[in-house]
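The values are calculated or read from the model by the stated rules, or taken from the named source; none is laboratory data. This one's a predicted model, so the numbers in the text were calculated from it and none came from an experiment. Every residue, glycine among them, receives a Cβ derived from its backbone with ideal geometry; neighbour counts consider all protein chains shown.
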């Protein structure tokens with residue numbers, strides 16, 4: 001869907017993005033991950049031409065973005081900014097309806113689509129007449145996502161969309177984000193510096209440093225098949241927690257005692273070991289299940305690290 005080929009960008013003679021290439025496939029969430037200043041936001045903004053690349057090519061569905069009018073290109077791409085990026089002098093309804101009005105949708109179509117998104121994003125209709133400053137951070141972020149989704153574009157770009165939220169609000173929105181059917185037919189590129197967020201939301205991760213891509217891969221590939229010491233060191237502080245989150249019950253069932261396999265619990269095989277442990281630890285009666293799951297995970301983990 002999105003192809004970036006040998007793209008570079010410099011500011012005042014200093015490279016911000018240096019000859020990077022990657023692909024974001026249909027219906028996947030590709031995360032650009034890295035510390036501040038690594039070039040991830042510049043890369044994202046070059047895709048919708050908020051920043052023009054100095055060299056290289058960016059293609060969407062095989063078409064070079066330079067061959068399209070900027071306005072046309074941007075109306076075909078949803079964009080979620082840091083801190084929601086809502087216009088403070090517009091009501092919530094006016095903020096959400098910006099792109100449909102540019103596309104000349106009729107009022108009934110706009111209203112129907114807004115109501116649909118309010119329901120999906122757990123927002124109430126009484127918010128529509130309010131201004132962004134009257135909303136909580138989590139509500140503002142949901143409105144920003146609604147604005148990006150309303151035209152139902154096939155591409156969605158997200159620049160640190162949850163960075164300003166507290167951990168509890170962020171966890172709630174992450175859960176809603178992953179379950180939102182609306183996003184499953186889109187190609188999404190998400191920028192973040194939050195390692196746990198990258199592992200929770202991304203199908204693949206592009207790890208960047210000093211304007212270059214160091215490694216691209218699935219969360220498991222990043223942890224268990226890291227390319228070099230930089231990748232290892234980048235994830236070292238959170239490594240065990242990340243491993244708990246990417247391992248699923250399907251991965252570890254074969255390493256658990258047959259008589260204690262969690263069948264009595266309402267778990268799917270795709271449930272992460274972390275989520276299963278959280279549930280089991282809340283019930284003091286199930287220490288045998290808890291310990292068995294940890295042992296199964298550790299046995300699984302040893303084989304992955306080798």
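Could you grab me the full set of residues in region 162-171 that are under 14 Å from the mean Cα position of the chain (by Cα) and at pLDDT below 75? Give the steps one after another, and end with the answer.
So the first thing to find is which residues in region 162-171 are under 14 Å from the mean Cα position of the chain (by Cα), and the list is 162-163, 170-171.
Answer for region 162-171, where residues must be under 14 Å from the mean Cα position of the chain (by Cα) and at pLDDT below 75: 163, 170, 171.
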Across (1) touching a strand residue (DSSP E or B) at 6+ places or on another chain (Cβ under 8 Å); (2) modelled with pLDDT under 90, residue 159 clears everything bar (2)
Only unsatisfied item for residue 269, checking (1) touching a helix residue (DSSP H, G or I) at 6+ places or on another chain (Cβ under 6 Å); (2) crowded, with 18+ Cβ neighbours inside 10 Å, is (2)
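For region 28-51, which positions are out of contact with any helix residue (DSSP H, G or I) (no Cβ under 9 Å at 6 or more places or on another chain) and outside any strand (DSSP E or B)? Walk me through it before giving the result.
At the first step, the residues of region 28-51 found to be out of contact with any helix residue (DSSP H, G or I) (no Cβ under 9 Å at 6 or more places or on another chain) are 28, 30, 36-45.
Residues satisfying the conditions are 28, 36, 37, 38, 39, 40, 41, 42, 43, 44, 45.
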Scanning region 280-306 for residues that are farther than 14 Å from residue 262 by Cβ, modelled with pLDDT under 85 and in a helix (DSSP H, G or I), the one nearest to the chain's Cα centre (by Cα) turns out to be 305
Only one of (1) more than 20 Å from residue 185 (Cβ to Cβ); (2) assigned to a loop (DSSP other than H, G, I, E, B) does not apply to residue 7, and that is (2)
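Here's the yes/no breakdown for (1) assigned to a loop (DSSP other than H, G, I, E, B); (2) touching a strand residue (DSSP E or B) at 6+ places or on another chain (Cβ under 6 Å); (3) in contact (Cβ under 8 Å) with a residue 60 or more places away in the chain:
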residue	(1), (2), (3)
53	yes, yes, no
57	no, yes, no
66	no, no, no
71	no, no, no
80	no, yes, yes
86	yes, no, yes
89	yes, no, no
Scanning region 190-221 for residues that are part of a strand (DSSP E or B) and either within 13 Å of residue 162 (Cα to Cα) or not assigned by TED's automatic domain parsing to the domain that holds residue 175 (or both) gives 190, 191, 192
Counted residues in region 3-26 being surrounded by 14 or more Cβ atoms within 10 Å (Cβ to Cβ) and within 16 Å of the chain's Cα centre (by Cα) come to 2
In region 218-232, anything free of Cβ contacts under 8 Å to residues at least 60 places away in the same chain, in contact with a helix residue (DSSP H, G or I) (Cβ under 9 Å, 6 or more places away or on another chain) and within 16 Å of residue 29 (Cα to Cα) is listed as 218, 219, 222
Given the condition at pLDDT 90 or above, in the same structural domain as residue 181 (by TED's automatic domain parsing), out of contact with any helix residue (DSSP H, G or I) (no Cβ under 6 Å at 6 or more places or on another chain) and buried (at least 20 other Cβ atoms within 10 Å of the Cβ), answer yes or no: does some residue in region 139-155 qualify?
yes
